[in-house]
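The values are calculated or read from the model by the stated rules, or taken from the named source; none is laboratory data. Small disclaimer: the values here were computed from a predicted structure and weren't measured. Cβ: placed from backbone, ideal geometry, glycine included. Neighbour counts: every protein chain shown.
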Amino acid sequence: MRQTPMRLHFHLDPTFRFHLRCALLIAMTAAFVTLFGVLFLSAERMNQLAVSQGGAEAEAHRLQLLLNRQVGEIRAERAGDVAQIEEQLRTIDERQMAGDQRAKTAVSKSPFPIESVLGSIVEIVCIDNVNPDIYYTGSGTVIDPSGLIVTNHHVLVSDDKSLIRYCGVGFTNDLHVAPKIAYIGSVVAMRESVDLALLKITEQIDGDPLPKTFAALDLAGAKDASLALNIGDPVFIGGYPGLGAETFTFTSGVVSGRVGNELIKTSALIDSGASGGAVFNADGAYVGIPTAAARGEIGGSLGYLIGANVVNDFMAEYRLGKNLVPPPPAVKKKR
């Protein structure tokens with residue numbers, strides 16, 4: 001027999017039904033308000049972030065403009081400083097050349113041709129950092145065709161003990177004529193403890209392009225030749241002593257002793273200005289740098305040479321990035 005399915009009927013009280021609808025309406029309203037609040041806060045946060053980012057970008061732009069202006073001022077000041085140095089060097093060179101009457105230079109008799117090394121030994125002219133009317137002269141030796149010049153550190157010290165960053169460099173190939181100061185050399189490395197410094201030729205005073213290469217002494221074998229020197233061995237010193245129209249000067253002496261493995265004592269005359277020049281043995285091999293002369297109370301003097309082994313070590317450290325001189329600091333504008 002087929003049964004009729006049972007159907008359940010719920011009859012809700014009208015009052016309860018009204019309250020249920022109100023509760024649902026309140027819940028939906030609350031959910032909508034919550035969702036709207038979340039969306040509003042998110043939009044406000046995004047707006048704040050945008051404003052903040054815009055402010056950061058504006059500040060970064062302002063700082064960049066300030067940095068660009070400062071860099072421009074530093075470059076302009078450096079250009080002005082170099083131009084002033086160049087003008088002063090021109091004046092010094094003209095003063096030297098005006099006093100040069102092609103005076104003959106007394107040169108010690110050498111067992112090797114001096115002309116073979118003359119073009120690599122330079123005169124260095126450094127203007128005092130405090131008083132531009134004061135300048136110092138010294139000597140140096142080109143030891144790399146790129147224009148690297150080794151000299152004494154003390155040649156580059158101003159009267160106020162600060163480092164002179166740019167110096168004039170003069171060459172000559174004539175024993176009778178003083179060097180012409182035609183180049184600017186910038187200090188790139190120094191080691192004060194051994195009184196050594198390195199200049200790099202960076203520009204010509206007249207603005208012409210630099211030569212592709214410079215005449216340079218070959219340091220191959222210099223270390224061994226220096227360490228092999230014994231007491232009584234002859235040594236020959238080349239450089240530019242003194243001020244004015246001084247031409248190349250070559251003096252000789254013998255090895256008088258040693259101070260450790262760095263310094264060599266000699267009877268050879270080392271006058272002011274010859275510091276930083278070049279020293280050779282009887283075979284013409286480069287063996288070091290004349291650095292100082294100590295004068296006795298009763299007269300006479302004793303010279304000191306820095307051995308080429310020390311120069312070799314200094315150059316090896318330079319090529320490894322040691323003892324480098326940092327770029328010069330910004331110069332404050334004069335008011």
How many residues are at negative phi and either in contact with a Pro (Cβ under 8 Å, 6 or more places away or on another chain) or outside any helix (DSSP H, G or I) (or both) when one looks only at segment 216-232? 9
All-but-one check, GLY300 against (1) over 19 Å from HIS154 (Cβ atoms); (2) at pLDDT 85 or above; (3) among the small types (Gly, Ala, Ser), failing number (2)
Given the criteria within 20 Å of ALA308 (Cα to Cα) and modelled with pLDDT of 95 or more, does VAL142 qualify? yes
Please pick out the residue among ILE124, ILE149 that is part of a strand (DSSP E or B), in the same structural domain as GLY307 (by TED's automatic domain parsing), touching a residue at least 60 places away in the same chain (Cβ under 8 Å) and under 16 Å from MET190 (Cβ atoms). ILE124
Out of TYR318, TYR286, report the one residue that is touching a helix residue (DSSP H, G or I) at 6+ places or on another chain (Cβ under 9 Å), modelled with pLDDT of 95 or more and within 16 Å of ASN152 (Cβ to Cβ). TYR286
